[in-house]
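I have placed the structure first, in the form of structure tokens, so that the comments after it can refer back to it.
The values are calculated or read from the model by the stated rules, or taken from the named source; none is laboratory data. Note that the coordinates shown come from a computational prediction; the quantities given were computed from them, not determined experimentally. As a convention, Cβ positions derive from the backbone with ideal geometry for all residues, glycine included, and neighbour counts pool all protein chains shown.
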Amino acid sequence: MSKQAASQVERNQCPVYTAIRVIEGRWKPMIFRRLGDGSLGFGELRRSMPGVTVKVLRQHLRQHLRQLEVDGVVARSVRHKLTLTVRYRLTPHGQTLGPVFETLWAWGVLHLARPGNTGAGVSDSQERGV
């Protein structure tokens, strides 16, 4: 096995890498936050995330929701009444991420409070690879 292949196997079997892969993404933390309060329809979820264009949010939000569904942390339910209704909720497995986000929040507060920290971090353009 090549060094690169061995590194890939290590990364795929690393619990920390696996957890980060599930929660990483520009909108995933906000999705978890919103769904932590209960199930929401796509429109409700989209409207609860102000400050971004509808076009960009629709594209990214759908992509993130699909990935979270594949990872088993978000469930999608479809109801056929007069109109098609789609709702999203955290699965019991997804709810186990609550303490993880609480810990990340607390760490972020401490990190932002460090002397000289501007809170800038990685810029949006760096995050998108621009």
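Yes/no per residue for (1) out of contact with any strand residue (DSSP E or B) (no Cβ under 6 Å at 6 or more places or on another chain); (2) under 21 Å from Ile23 (Cβ atoms); (3) polar (S, T, N, Q):
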{"position": "Glu44", "(1), (2), (3)": "yes, no, no"}
{"position": "Arg66", "(1), (2), (3)": "yes, yes, no"}
{"position": "Glu69", "(1), (2), (3)": "no, yes, no"}
{"position": "Leu84", "(1), (2), (3)": "yes, no, no"}
{"position": "Arg87", "(1), (2), (3)": "no, no, no"}
{"position": "Thr91", "(1), (2), (3)": "no, yes, yes"}
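Tell me, which helices (runs of 4 or more DSSP H) wholly within region 1-110 include 1 or more residues that are polar (S, T, N, Q)? Talk me through it step by step, then tell me what you get.
On the way: elements: 3-13, 15-23, 28-35, 42-47, 54-70, 92-95.
Correct list: 3-13, 15-23, 54-70, 92-95.
Of the conditions (1) at pLDDT 90 or above; (2) under 19 Å from Phe32 (Cα atoms); (3) surrounded by 10 or more Cβ atoms within 10 Å (Cβ to Cβ); (4) aliphatic (A, V, I, L, M), Leu112 fails just one. Which one is it?
Going through (1) at pLDDT 90 or above; (2) under 19 Å from Phe32 (Cα atoms); (3) surrounded by 10 or more Cβ atoms within 10 Å (Cβ to Cβ); (4) aliphatic (A, V, I, L, M) one by one, Leu112 breaks only (2).
Scanning region 10-43 for residues that are of a type in the set (S, T, N, Q) and more than 13 Å from Gly94 (Cα to Cα), which turns out modelled with the highest pLDDT?
The residue in question is Thr18.
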